[in-house]
Amino acid sequence: MARRIFLHVGTPKTGTTYLQSVLWANKAVLKRQGALLPLKNVRDHFYLSVVARNAKGAFDRMPPHGQKSWQRMLREVAAWRGDVVISHELFAVASSARAAWTIHQLGDVSDEVHVIVTGRDFARQVPAEWQQTIKHGRHHRLDEYIELLKNHESGVLFWRVQNLPAILANWAQGLPAEHVHLITVPPSGAPRGLLWQRFATLIGVDPDSVDQAVTRPNESLGAEEIETLRRVNAHLPDGGRTPRQQLMMRQVLAEKIMAQRPGAKKFALPPEQHGWIVEAGTAMVEELRALPYDIVGDLDELLPPAEPARGCDPAQVNDTEVAQVAVETIAELVNRTARTPGRRLAPEHKGSGQASPRDAADAGSLLGKARGVWAGRVLPRLARLRQR
């Protein structure tokens, strides 16, 4: 039976990818210090979150080893005598009943269950969560998204994953207050590694013993890129996308191509919305101050800044800028596809079902001509169109 289980439940967009990258890259280092990461990788912990949430659709799509991940985790943890760390941000979505079930299950294989919530200031969370909705296929503008938040629209996930007092209460069921921890994410400009230092110290690991150089790159989009993706979404059917389509949009187009474009312009909230951001964010912090849980960091770090962040409003991106991003994204997608081993994506030779060698050789020049047509004909036309 484990000594302590630290269950990190999110929230999303609070450095979770960074923390998980450090944890998994240093699994052996942590284990030598008595902290076990059960199972094999972060995807396994995603599977655990699916079981914890009782997300039937996602569960049915998981491979057999994913569907058995909860039982495998319990067996591994029960045989361990040290501490255990489980981390995935989608635990935050669990209902009250499923959070209680999860805590009970983990309590059966450990002496103590500790819950960790990471929180970031409201002014950074709102645009970050809006960006995630665009990556997942929505096409509302940023100002429209904020109005949905103000009205607490049921179809918007934001409050389920970013209402810190409610999430803490949800996961505190049956636990001593000192076993419920809120780690505040340091503000921009803070020393690099401070978030990891807080997390590592809490779970009893030497922060300086790990390699932090293996973290995944930032996958944020610039103003022009996210507006392009939003417009693409508007041309696709609402709902009913296959998992493969969702992965194409989010992981390939958004994160592997658009997010890697150099010189991206940082986007920011419309300045006229900053007053509501400050009001809502401050109210949440004041509610947190009254709670009995363990604070790692400083609640003042969760207060929105007095002045709005500088950046471009995506709604001001024009058709020419969108078209340029679209052309370069299509070109990069074609280039990446052509480099994929084992695929024949050049035009088929009529009647043979195979790619013509000449067509394959000409694919690059055809792509160049296509880009020339876009630049010479399509872009000027788009520039004359009324911005959507």
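Read the figures in this text as sums done on the coordinates, not as results from a lab. Just so you know, these numbers come straight off a predicted model, no measurement behind them. Backbone-built Cβ (ideal geometry, glycine too); neighbour counts: all protein chains shown.
Along each principal axis of its Cα atoms, how long is the chain end to end? Whole angstroms, biggest number first, please.
68, 53, 39
What angle, in degrees between 0 and 90 and rounded to the nearest 10, separates the Cα long axis of helix 42-53 from the longest principal axis of the Cα atoms of the chain?
It is inclined by approximately 70 degrees.
Is there a quick way to get the dipole size of the chain? I mean about its Cα centre, with the Cβ of Lys and Arg at +1 and of Asp and Glu at -1; what is the value in debye to the nearest 20? Please list the in-between numbers first.
Values: 50 positive and 41 negative charges, 414 e Å.
So the magnitude is around 1980 debye.
Given 0.36 nm per residue, what is the gain on full extension from residue 112 to residue 175 after removing their alpha carbon distance, in nm?
Details: separation 63, 0.36 × 63 = 22.68 nm, distance 0.89 nm.
Gain on stretching residue 112 to residue 175: 21.8 nm.
Helix-only mean residue ellipticity at 222 nm, the chain, DSSP H runs n ≥ 4 weighted -39,500 (n - 2.57), per residue, nearest 500. What is it?
The helix contribution divided over the chain gives -14000 deg cm²/dmol.
Taking residue 256 as the anchor, which aspartates and glutamates have their alpha carbon closer than 14 Å to its alpha carbon, excluding any fewer than eight residues away along the same chain?
The qualifying aspartates and glutamates are 219, 225, 328, 332.
Can you say what percent of the DSSP beta bridges in the chain, counting only those with both residues inside, are antiparallel? Round to 5.
Counting only bridges with both partners in the chain, antiparallel ones make up about 5 percent.
Within segment 254-291, which residues have the backbone N less than 16 Å from the label spot 7 Å out from residue 150 along Cα→beta-carbon, could you tell me?
269-281
On a 0 to 90 degree scale, rounded to 10, what angle separates helix 223-234 from the longest Cα axis of the chain?
With rounding to tens, the tilt is 80 degrees.
Find the Rg to Rh ratio for segment 144-275, where Rh is the Kirkwood radius over alpha-carbon pairs and Rg uses the same atoms. Intermediate values should be presented prior to the final figure.
On the way: Rg = 19.1 Å, Rh = 18.9 Å.
My calculation puts Rg/Rh at 1.01.
Where does helix 69-78 land angle-wise versus the long Cα axis of the chain, in degrees 0 to 90, nearest 10?
For helix 69-78, the angle is close to 30 degrees.
Rounded to the nearest 0.05, what FRET efficiency do residue 65 and residue 330 give with R0 = 30 Å and r taken as the Cβ-Cβ distance? Could you check?
On the way: r = 36 Å, r/R0 = 1.21.
It comes out at approximately 0.25.
Across the Cα atoms of segment 139-182, what radius of gyration and what greatest pairwise Cα-Cα distance (Dmax) are found, in Å?
14.3, 42
Considering the alpha-carbon set of segment 124-211 alone, what are its Rg and its Dmax in angstrom?
Rg and Dmax of segment 124-211, Cα atoms, are 16.9, 46 Å.
Please give the length that would be gained between residue 101 and residue 248 if that part of the chain were fully extended, namely 0.36 nm times their separation in residues minus their C-alpha to C-alpha distance (nm, one decimal). Could you put the intermediate results ahead of the total?
On the way: separation 147, 0.36 × 147 = 52.92 nm, distance 3.41 nm.
Separation in residues times 0.36 nm, less the Cα-Cα distance, equals 49.5 nm.
Run the reach check for residue 27 against lysines, Cα to Cα strictly under 22 Å, same-chain hits fewer than 8 apart removed. What comes back?
40, 68
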